[in-house]
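Written out below as structure tokens is the structure these notes cover.
Just so it is clear, none of the values below were taken in a lab; they were calculated from the coordinates. What you see is a predicted model, and the numbers here were worked out from it, not measured in a lab. Cβ atoms come from the backbone with ideal geometry, glycine included; neighbour counts cover every protein chain shown.
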């Protein structure tokens, strides 16, 4: 015999996992991405020039629309490849690893090589994560799994996203 509280209904929403994410230790902040907050007068190219990286990497990494032409003051932009000056060498400690899934939606004109550079991920890692056999066969709208970045020192288990 089952109680009514033990049954699931079609379409019922379920909350799985903790309601609030666990707080990361304070010392983990040096492993976080460098974020640029858009100021008045900023554009994709001035931000790229400031950090000495190609604008394309910022555009791809932040999945900006319209080529990144319309940035908003106060918008937070991840700066690919930039690290905090006081970040220790070596792999990220386990307690500081961000397990949040990281995906990228392929846009027109993007290549796997450019996407890999923008996220700091090895092309081979992306191929493995997405069970792709040819780096030249990606499609507009395809969602790529970019998790388990190499600098964490952790191994990836491929998933069938592609």
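Computed extension gain for residue 137 through residue 75, at 0.36 nm per residue and net of the alpha carbon distance, reaches 19.1 nm. The protection proxy used here, the mean number of other Cβ atoms lying within 10 Å of each residue, ranks peptides 64-77, 43-56, 114-127 as follows, highest first: 114-127, 43-56, 64-77.
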